[in-house]
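Comments concern the structure below.
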Amino acid sequence: MATLRDIFKNFIARPETEDGIFSEDEVRLANRNSGTLLETLKHNITPTGLHYLLIHFDVPSIDAPSHKLVFGKGFNAPYALTLDDIRALPRQTMPVTLECAGNGRTGMSPRTHSMPWGVEAVGTSAWTGTLLAPLIERAQPKNGTVEIVFSGADRGFDKGVEHAFGRSLTLQQLAELDVLLVHEMNGQPLLPQHGAPLRIIVPGWYGMASVKWLSTIEATDTPYQGYQQVRTYRYRDHKDDEGRPVTTMRVKSLMAPPGIPDWVTRLRHLRAGPVTIAGRAWSGGGVAISKVEFNDGLGWQDATLTAPKGQYDWTGWTIDWNATPGEHVLSCRATDLNGEIQPLEPRWDASGFGNNAVQKVQVFVDSN
Ligand SMILES: Nc1nc2c(c(=O)[nH]1)N[C@H]1C(S)=C(S)[C@@H](COP(=O)(O)O)O[C@H]1N2
Ligand SMILES: [Mo]
């Protein structure tokens, strides 16, 4: 009897990468998963169509009117909600800054063969929905429940393992985090690429926790072993390291690059004279930003901060810079209320997670 050849067996390891040279696989991933345009960092809310995307598999086609969110296994009082049921629940809108844990991956050397983010996988939206905790309580998790598991309608393979995208949170994490069951983004129904018709937003955490295309919620009495929970999204020193889970976002800041760009290199061109530099800074776990500094090569100077519109919203910053003729490398650096500060160089991680090193923007200032 002929046996089927499993082509996915070829992909259980990731190819080696070479600094600066991107493979066709990486370019294809970059075409599917766009980044937030840095010029939008001038705005507090990222325009909806310009918010970064991270889609592991295919965007599922879900019929919103008939879609049901099922509170299934592991509950004493299982039930299901339609979108209309959820829309009728008490609603809340929260500005939340979301960043992909792999943001900055290309800044590490050698980089992992995965989505080749520069610095642009971060954005802020006003998310509208209802608080999740009361809905879980209503389903009555069985005695001995340790975690709640959130699964999306999307499926695929990673390193030879077939799975639906799923993530879990412990009961304690759910009690401490204001997890929102979301159906609107910036006042409009969720777009297909952002999880339509339903997703969760786990504020203060890296984006992987905010499961899109949410379909089922389950309670479990043992820690969830899903691929996206235990096989990835872990900080690892080397490939075989068991690692530590990736959770809250690390303190970070970005600037909207000043001046005008060169089409291909994106190097910036400015005329000499005063210019206002603007950007955003954020940290994880609801910890506020206490300081943002700017450096044009001559030392760190404090920027002026504007108050965020909520605990999970990023902080705006500006600084007036006198652009003098010549080449400069501009950078910014944030500190949070816990005293955490961005490193000047990336901290190594075997999967390229959690790179919060300072952004460097190369500019050329023309004398006329
Ligand atoms: N179901 C599902 N949820 C998902 C993902 C996914 O691929 N499938 N990607 C996650 C990751 S890694 C990130 S960073 C965020 C990105 O959300 P966005 O595309 O709306 O910006 O969604 C998360 N939720
Ligand atoms: Mo991500």
note = Surpassing 24 Å at the alpha-carbon level, of the pairs K42/K212; K73/K239; K42/K291; K212/K239; K239/K360, are K42/K212; K73/K239; K212/K239; K239/K360
remark   = Note, P197: beta-carbon cut-off 14 Å, +1 each Lys/Arg, -1 each Asp/Glu, net -1
query = In nm, what is the difference between 0.36 nm times the number of residues separating A30 and A175 and their Cα-Cα distance?
reply = 48.6 nm
request  = Would you mind computing the Rg to Rh ratio of segment 303-354 from its alpha-carbon coordinates, Kirkwood style for Rh?
outcome  = 1.05
query = Rounded to the nearest 0.05, what FRET efficiency do K309 and D6 have when you use their Cβ-Cβ distance and R0 = 51 Å?
reply = 0.50
remark   = Counted neighbours (other Cβ, 10 Å), sorted fewest up, put T306, T17 in the order T306, T17
key: When the chain is reduced to its Cα atoms, the Kirkwood hydrodynamic radius in Å   = 21.8 Å
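Magnitude of the Cβ-charge dipole of the chain, K/R +1 and D/E -1, about the Cα centre, nearest 20 debye?
Dipole size: approximately 440 debye.
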task = Could you calculate, for segment 252-366, the ratio of the Cα radius of gyration to the Kirkwood radius, expressed as Rg to Rh?
result = 0.99
note = The local net charge around G284, scoring Lys/Arg +1 and Asp/Glu -1 for residues other than G284 whose Cβ lies under 10 Å from its Cβ, equals -1
note = Given the candidates P343, S210, Q225, the one whose Cα lies deepest towards the positive end of the charge dipole of segment 200-343, counting +1 at each Lys or Arg C-beta and -1 at each Asp or Glu C-beta, is S210
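Read-outs throughout are calculated quantities, based only on the coordinates presented, and are distinct from any laboratory measurement. All figures in this text were calculated on a predicted structure; none of them were measured in a lab. When we count neighbours, we look across all protein chains shown, and the Cβ atoms used for this are built from the backbone with ideal geometry, even at glycine.
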